[in-house]
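Taken together, the values in this text are just the output of simple stated rules run on the coordinates, not laboratory data. Quantities reported herein were computed from a predicted structural model and do not represent experimental measurements. FYI the Cβ positions are ideal-geometry reconstructions off the backbone, even for glycines, and counts take in every protein chain you see.
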Amino acid sequence: MKLILHSRYILLFIMLLSLLAPCSMAYAQEPDDKVKSLGEILNPKTEDENTNLSAKERGNLYFKRCMNTKSLAFDSEEKEILCACTSAKLENILTGAEFVHLYKDTKKGRDARMKVITYAYTECMDYTLKKKVYKDCRVLPLLKTIKYGKNHICKCAANHYENLIHDGAARLIMKGVTYSPMTLNPLEHYFTTGGYYSTLSQYTKVCRSQMLYDKHN
């Protein structure tokens, strides 16, 4: 099973890099190692530019920056789960030399972000996904008149959504990265569009109808 999952993420990584290949032409015009400006010389390096950070320190720094990034899709609890899980996995994914490029608008920065998204973020999004979909389902207008069975309906809807995200992960992530090339949370874009709530409502209706059918048969 681990081998299958590992192969899945390698394939996803290759797909994302190939899809983003045209974007790399823009980066090719700019060298990663630029001549330092006077401002860069006078100002010390920031913490995330230190190649000597330990794996634990890199993870902690990622978590801090992740939590400080504003999210329109995830609440503080959902974001903390996603940030904590991704930062823990990041420790074993990026080297110190790669980490210094993570937040840079360069080809090396893009490659570092793709590694984090492919090998850490995609494995962590499940923990946040089910919680978010379940909670959003509970407050849908079409469930306001339901007094019993909300838990069952919304768990059903969350399961459907989990399958949808897994099947279309590469496409959804690609859309998020295309929309915001510097993002480390590519599903943010999808969850802030009308398509998310429209699909959630459809799944909720299906699950509600199934529950009522089971009840009377």
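Descriptive notes on the structure:
- Summed over the stretch 161-217, residues that are small (Gly, Ala, Ser), in a helix (DSSP H, G or I) and closer than 17 Å to residue 133 by Cα total 5.
- Among the conditions (1) in contact with a Ser or Thr (Cβ under 8 Å, 6 or more places away or on another chain); (2) assigned to a helix (DSSP H, G or I); (3) hydrophobic (A, V, I, L, M, F, W, C), residue 129 misses just one, which is (1).
- Residues of the stretch 107-128 classified as more than 18 Å from the chain's Cα centre (by Cα) and surrounded by fewer than 17 Cβ atoms within 10 Å (Cβ to Cβ), total: 1
- From 173, 165, residue being β-branched (Val, Ile, Thr), under 22 Å from residue 83 (Cα atoms) and either surrounded by fewer than 17 Cβ atoms within 10 Å (Cβ to Cβ) or free of Cβ contacts under 8 Å to residues at least 60 places away in the same chain (or both): 165
- Whenever a residue of the stretch 85-112 is closer than 25 Å to residue 126 by Cβ and without any contact (Cβ under 8 Å) to a residue 60 or more places away in the chain, its partners that are surrounded by fewer than 17 Cβ atoms within 10 Å (Cβ to Cβ) and of a type in the set (S, T, N, Q), lying with C-beta atoms within less than 8 angstrom and at least six residues away or across chains, give the pairs 87/60; 99/51.
- In the stretch 132-148, the residues that are surrounded by 16 or more Cβ atoms within 10 Å (Cβ to Cβ) and assigned to a helix (DSSP H, G or I): 132, 133, 134, 136, 137, 143
- Within the stretch 97-149, being of a type in the set (D, E, K, R), out of contact with any Cys (no Cβ under 8 Å at 6 or more places or on another chain) and over 21 Å from residue 85 (Cα atoms) holds for 104, 105, 107, 108, 136, 144, 147.
- Checked against the criterion of being buried (at least 19 other Cβ atoms within 10 Å of the Cβ), small (Gly, Ala, Ser) and in a helix (DSSP H, G or I), the stretch 48-66 has at least one qualifying residue.
- Given (1) farther than 30 Å from residue 105 by Cβ; (2) among the charged types (D, E, K, R); (3) in contact (Cβ under 8 Å) with a residue 40 or more places away in the chain, index of the condition residue 144 fails: (3)
- Some residue of the stretch 147-161 being touching a Pro at 6+ places or on another chain (Cβ under 9 Å) and more than 22 Å from residue 67 (Cβ to Cβ): no
- Residue check for residue 103: surrounded by fewer than 19 Cβ atoms within 10 Å (Cβ to Cβ) and either within 23 Å of residue 50 (Cβ to Cβ) or among the acidic types (Asp, Glu) (or both): yes
- Of all residues making up the stretch 147-162, the number that are in contact (Cβ under 8 Å) with a residue 24 or more places away in the chain and of a type in the set (Phe, Trp, Tyr): 1
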